[in-house]
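Undergrad: Before I ask anything, let me first share the structure, which is written out below as structure tokens.
The values are calculated or read from the model by the stated rules, or taken from the named source; none is laboratory data. None of these values were measured; they are calculated from a predicted model. Because the Cβ atoms are built from the backbone with ideal geometry, glycine has one as well, and the counts that use them run over all protein chains shown. What goes into the accessible areas is simple: the full protein's heavy atoms, side chains included, and nothing from ligands, DNA or RNA. Shrake-Rupley method; radii C 1.70, N 1.55, O 1.52, S 1.80 Å.
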Amino acid sequence: MPGLIGKKIGMTSVFSADGKNVPCTVIEAGPCVVTQVKTVEKDGYSAFQLGFAEAKEKNTTKALMGIFKKAGTTPKKHLAEFKFDEEYNLGDTITVEIFSDSEFVDVVGTSKGKGFQGVMKRHGFGGVGQSTHGQDDRARKPGSIGACSYPAKVFKGMRMAGHMGGDRVTTQNLKVLKVIPEHNLILVKGSVAGWNGSTVLIEK
């Protein structure tokens with residue numbers, strides 16, 4: 001699936017042709033450099049590895065530096081693989097213009113971390129029992145989490161309190177409202193997972 005690596009700038013709103021105020025997310029998409037070309041003969045599949053955002057050479061491993069030097073480009077901070085119908089060569093630059101003819105895109109991001117949370121916030125539990133008749137310490141508890149005699153264990157996947165957020169989230173079928181090639185920006189309708197400045201993947 002063709003796409004680009006980008007950075008979430010933030011949210012704003014634009015007016016549509018019929019005068020409606022539409023909330024949208026502004027994403028800086030590319031420009032991305034082709035750092036590796038995967039082939040069926042050598043790698044078992046065909047894809048293009050793209051690099052985005054400048055990185056310092058002292059913070060880049062020697063293995064990656066070899067890849068960047070072969071592509072004739074500077075070190076990049078983020079790498080991702082995409083499958084394009086078009087053919088590209090090492091060192092080619094791909095810009096946001098590839099989305100000019102796209103009506104919808106998928107955006108992959110990392111959701112905001114919310115730390116350790118209880119079951120009511122994490123899973124939407126309704127709480128246990130009523131708040132009267134002396135019940136004062138179980139209002140936000142999950143209740144029973146398994147049988148006591150058989151099978152005498154808690155099954156994997158039981159919804160319980162724990163770390164919330166920081167997950168890979170794909171938001172599908174976001175409408176492309178506007179593409180601004182001169183500033184490498186794409187505006188998509190609605191929200192995208194992640195904080196402002198976080199790295200996202202935009203796929204056709």
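Undergrad: With each pseudo-label sitting 7 Å past Cα toward Cβ, what's the V40-L177 distance in nm, one decimal?
TA: Modelled inter-label distance: 4.2 nm.
Undergrad: Return one number: the angle in degrees, 0 to 90 and rounded to the nearest 10, between the long axis of the Cα atoms of helix 62-71 and the longest principal axis of the Cα atoms of the chain.
TA: That helix lies at roughly 40 degrees to the long axis.
Undergrad: Let me ask something additional. Quick one: dipole size for segment 124-204, taken about the Cα centre, charges +1 on Lys/Arg Cβ and -1 on Asp/Glu Cβ, in debye to the nearest 20.
TA: Value, rounded to 20: 220 debye.
Undergrad: How big is the charge dipole of segment 29-175 about its Cα centre, in debye rounded to the nearest 20, if each Lys and Arg gets +1 on its Cβ and each Asp and Glu gets -1 on its Cβ?
TA: So the dipole magnitude of segment 29-175 works out to roughly 1140 debye.
Undergrad: In whole percent, and with a 1.4 Å probe on the protein chains, what portion of the accessible area of segment 155-204 is carbon and sulfur?
TA: Numbers: 1540 of 3100 Å².
Taking all protein chains in place, segment 155-204 shows 50 percent carbon and sulfur surface.
Undergrad: For segment 125-166, just say rounded, prolate or oblate: build the C-alpha gyration tensor, square-root its eigenvalues into a ≥ b ≥ c, call rounded for a/c under 1.5, and beyond that prolate if a/b exceeds b/c, oblate if not.
TA: Cα axes put segment 125-166 in the oblate bin.
Undergrad: Under a 5 Å amide H to amide H cut-off, with H placed in plane at 1.01 Å, what residues pair with L185 once short-range neighbours are removed?
TA: Residues meeting the criterion, in which the H sits 1.01 Å from N, are A29, I180.
Undergrad: Right, here's the next one. Would you mind telling me which residue in E81, E28, E57 has the biggest mean-square fluctuation in a Gaussian network model of the chain, where springs connect alpha carbons within a distance under 10 angstrom?
TA: E57
Undergrad: Among the aspartates and glutamates, select those whose C-alpha is under 17 Å from the C-alpha of K204, and discard any that sit fewer than 8 residues away in the same chain.
TA: Correct list for K204: E28, E81, D85, E86, E87, E97, D101, E103, D106.
Undergrad: Where the accessible area of segment 45-118 is counted over protein heavy atoms with a 1.4 Å probe, how much of it, in %, is carbon and sulfur?
TA: After summing per-atom areas, the C and S share lands at 49 percent.
Undergrad: Also: If you average the sequence gap of Cα pairs under 8 Å that are 6 or more apart and divide by the length of the chain, what percent do you get for the contact order?
TA: Across the chain, relative contact order equals 31 percent.
Undergrad: For segment 47-204, what does the accessible surface come to per residue with a 1.4 Å probe? Please give it in Å².
TA: 66 Å²
Undergrad: Which whole-number percent gives the relative contact order of segment 24-89, counting Cα pairs below 8 Å spaced six or more residues apart?
TA: 35 percent
Undergrad: May I pose another question? Of M120, M158, M11, which has the largest mean-square fluctuation in a 10 Å C-alpha GNM of the chain?
TA: M158
Undergrad: Which of [x] 62; [y] 49; [z] 54 is the computed percent of Cα pairs over 22 Å apart for the structure on display?
TA: Evaluating percent of Cα pairs over 22 Å apart on these atoms matches [x].
Undergrad: Which residue fluctuates the most in the chain, going by a Gaussian network model with Cα springs under 10 Å, if the choices are I145, I180, I67?
TA: Result for the chain, Cα springs under 10 Å: I145 fluctuates most.
Undergrad: What residues of segment 36-58 lie in the reach of a label at K70, counting those whose backbone N is under 14 Å from a point 7 Å from the Cα along Cα→Cβ?
TA: Residues passing the 14 Å test: 36-44, 47-50.
Undergrad: Additional query: Could you tell me the center-to-center distance, by alpha carbons, between segment 55-106 and segment 124-141 in angstrom?
TA: Each part reduced to its Cα centre gives a spacing of 53 Å.
Undergrad: Once you've got the Cα coordinates, tell me which of K62/K112; K56/K189; K121/K156; K38/K69; K121/K189 are over 24 Å apart.
TA: On the way: K62/K112 32 Å; K56/K189 34 Å; K121/K156 20 Å; K38/K69 17 Å; K121/K189 26 Å.
From K62/K112; K56/K189; K121/K156; K38/K69; K121/K189, over 24 Å: K62/K112; K56/K189; K121/K189.
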